Amino acid sequence: MTNRLDKYEWFYSMLGNPMASFGTISADVHRVRRGALGPFFSTQAVVKFYPHMQAIVDRLIARMELCAERDEEIPLFYAYRCLTVDIISEYVFAHQMGLLDRADWGRYFYSAWRSLWELSPTIRQFPFMMDAIMSMPRWMTKLTDPRALEVVDLFSDIDHQTKVLLESDPEIIKAQPHSTVIWELSKSDALPPSEKTFRRLAVEANGLVAAGFETTGGTLTLMTYLVLSHPQVHQKLLEELEKAAPDPNKTPGFQVLEKLPYLFAVVKESLRVSVGAYSRLSRVNRHESMQYKQWTIPAGTAVGMSALFIAHDPEIFPKPLSFIPERWLETDGSIGPTANRLEHYLLAFGKGSRACVGINLAYAELYSVLFTVVRRFGRRIELYETTDRDLEAVHDYFAGMTRRPDGVEGNGLRVKIRKE
Ligand code: HEM
């Protein structure tokens, strides 16, 4: 069977982005785009970027410390999205969107994206809607649907960032301490000129920000909630981290962190519980029919599966609705064959040629944040008026999404940190 499976155009039309790697339909076009993009997200590339990423994590920690001093609640749901946007925008544009500095913890920014996801099932049915929204005069959009206006403003902001970057003085870019993905793509020999136009690069940038922020922000939110709502897990993790890193102010590299067995198990189990994409990731084999047991699936038929069915399969993960990090470890608490076996069933990042290109960056963020938050704040960090209901995935907008944390539908994840 060929592995040249296209994405299913109807399904992926929801976010109207076929020029971005994520939304590329044709397997052949995708191979070219992925070939150029992939190296910037390799393990080596992420190791190089890691200190810059950690500096952004430390800014979040400093702001959390300030809230602790003032005895303020911290809306971690939003705070984590600020963090992941600042990280991905630093890497993509060498310019952070600065959400971590915003007094409102980026609520307006999140709301714009959230509006887009809420519109996405309708856009899938009427794909021309996206073009119509983008070409409407601003005042008309405002009258028709204020949620759409937020999306238009957001997209123009990303276009603007791309333009500023591409018009930058090459010497300034060269002096940057890490690669700048969109700049490098614009100079890449792996792409033909038609792939390096302003429009294509702006759409790629938009796709990278979209793919890199909510997924990681959502997993960080759920992971922190799972740890804080399971005191014995919190305690066990803290003991491991205190032993591994006696100085709470120094975060080891993520390649050191991912070898700490209990931390590893908490990250993997959180990814399993978070599921990743809830939607069926549909693919089309245009070239030949496919055989599944006694069924022949004709060429051109869309097929897809949701990761949820595997993440919740009790034969693979007994008591699938429970958070049990230990299931990833050997009985002596080490990392071994059990983890290798279960890894095969962890579909949060997808599998195969269309699997997540940002997986190494995502893992670096998950390990670094969990380590830093738990090691730095120890038992001082506690949930604040947050319940399972606030974390429940109740919408399938590609990723599973919780209720809007707007204080009306839901409250999101909130914590308080006791003063030392
Ligand atoms: C915990 C965090 C993350 C999760 C759970 C996740 C999940 C996924 C999944 C399931 C896919 C496959 C989608 C499909 O088949 O349609 C995917 C693709 C993708 N992800 Fe992620 N992702 C995460 C973080 C990131 C980050 C940090 C980036 C940063 C750039 C990123 C960029 C992408 C891109 C560009 C694609 C499309 C890849 C391609 O088609 O070549 N993701 N991700």
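The values are calculated or read from the model by the stated rules, or taken from the named source; none is laboratory data. Treat the numbers as computed from the prediction; the structure is a model and nothing was measured. Note: ideal-geometry Cβ built from the backbone for every residue, glycine included; neighbour counts use all protein chains shown.
Tabulated data for the structure shown
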quantity: Index of the failed condition, Phe323 passing every other in (1) at pLDDT 95 or above; (2) touching a Phe, Trp or Tyr at 6+ places or on another chain (Cβ under 9 Å); (3) surrounded by 19 or more Cβ atoms within 10 Å (Cβ to Cβ); (4) aromatic (Phe, Trp, Tyr); calculated: (2)
quantity: Residues that are basic (Lys, Arg) and more than 25 Å from Trp10 (Cα to Cα), drawn from the range 128-171; calculated: Arg138, Lys142, Lys163
quantity: Conditions (1) farther than 23 Å from Tyr12 by Cα; (2) over 17 Å from the mean Cα position of the chain (by Cα); (3) aromatic (Phe, Trp, Tyr): number failed by Tyr50; calculated: (2)
quantity: The range 56-82 - residue that is of a type in the set (D, E, K, R), assigned to a helix (DSSP H, G or I) and in contact (Cβ under 8 Å) with a residue 40 or more places away in the chain and, of those, surrounded by the most Cβ atoms within 10 Å (Cβ to Cβ); calculated: Arg81
quantity: Matching residues in the range 342-367 - criterion: being polar (S, T, N, Q) and either touching a Gly at 6+ places or on another chain (Cβ under 9 Å) or at pLDDT below 95 (or both); calculated: Ser353
quantity: Of all residues in the range 40-55 being surrounded by 14 or more Cβ atoms within 10 Å (Cβ to Cβ) and within 17 Å of Leu208 (Cα to Cα), the one that is nearest to the ligand (Cβ to nearest atom); calculated: Phe41
quantity: One residue from Thr296, Thr216, Thr301 being within 22 Å of the chain's Cα centre (by Cα) and among the polar types (S, T, N, Q); calculated: Thr216
quantity: Odd one out for Ile335 among (1) β-branched (Val, Ile, Thr); (2) within 14 Å of the ligand (Cβ to nearest atom); (3) not in a helix (DSSP H, G or I); calculated: (2)
quantity: Filter result for the condition that a residue is within 24 Å of Arg375 (Cβ to Cβ), surrounded by fewer than 19 Cβ atoms within 10 Å (Cβ to Cβ) and touching a Pro at 6+ places or on another chain (Cβ under 7 Å), over Ala265, Ala245; calculated: Ala245
quantity: Long-range neighbours under 7 Å by Cβ, at least six apart or interchain, first residue among the basic types (Lys, Arg) within the range 31-44, second within 11 Å of the ligand (Cβ to nearest atom); calculated: Arg33/Ser21; Arg33/Thr24; Arg34/Ser21; Arg34/Val357
quantity: Residue in the range 168-179 that is in contact with a Pro (Cβ under 9 Å, 6 or more places away or on another chain), surrounded by 20 or more Cβ atoms within 10 Å (Cβ to Cβ) and not hydroxyl-bearing (Ser, Thr, Tyr) present; calculated: no
quantity: The range 344-391, residues that are of a type in the set (D, E, K, R), surrounded by 19 or more Cβ atoms within 10 Å (Cβ to Cβ) and within 16 Å of the ligand (Cβ to nearest atom); calculated: Glu365
quantity: Breaking point among (1) under 23 Å from Pro405 (Cα atoms); (2) β-branched (Val, Ile, Thr); (3) part of a loop (DSSP other than H, G, I, E, B), for Thr24; calculated: (1)
quantity: Qualifying positions in the range 97-129 - more than 15 Å from the ligand (Cβ to nearest atom) and either among the charged types (D, E, K, R) or part of a loop (DSSP other than H, G, I, E, B) (or both); calculated: Gly98, Asp101, Arg102, Ala103, Asp104, Trp105, Gly106, Arg107, Arg114, Glu118, Phe126, Pro127
quantity: Output for the range 12-27, where each listed residue is touching a residue at least 24 places away in the same chain (Cβ under 8 Å), away from the ligand (no atom under 11 Å from the Cβ) and under 18 Å from Lys196 (Cβ atoms); calculated: Met19
quantity: Residue in the range 276-287 that is surrounded by fewer than 21 Cβ atoms within 10 Å (Cβ to Cβ), away from the ligand (no atom under 16 Å from the Cβ) and over 13 Å from Ala348 (Cβ atoms) present; calculated: yes
quantity: Flag if Tyr91 is within 15 Å of the ligand (Cβ to nearest atom) and either assigned to a helix (DSSP H, G or I) or over 30 Å from Arg286 (Cβ atoms) (or both); calculated: yes
quantity: Residue in the range 215-254 that is farthest from Ala362 (Cα to Cα), counting only those that are of a type in the set (Ser, Thr, Tyr) and away from the ligand (no atom under 16 Å from the Cβ); calculated: Ser229
quantity: Members of the range 302-312 found to be part of a loop (DSSP other than H, G, I, E, B) and either touching a Lys or Arg at 6+ places or on another chain (Cβ under 8 Å) or surrounded by fewer than 15 Cβ atoms within 10 Å (Cβ to Cβ) (or both), listed by number; calculated: Gly304, Met305, Ser306
quantity: Residue count for the range 257-295, restricted to those that are in a strand (DSSP E or B) and farther than 23 Å from Ala307 by Cα; calculated: 0
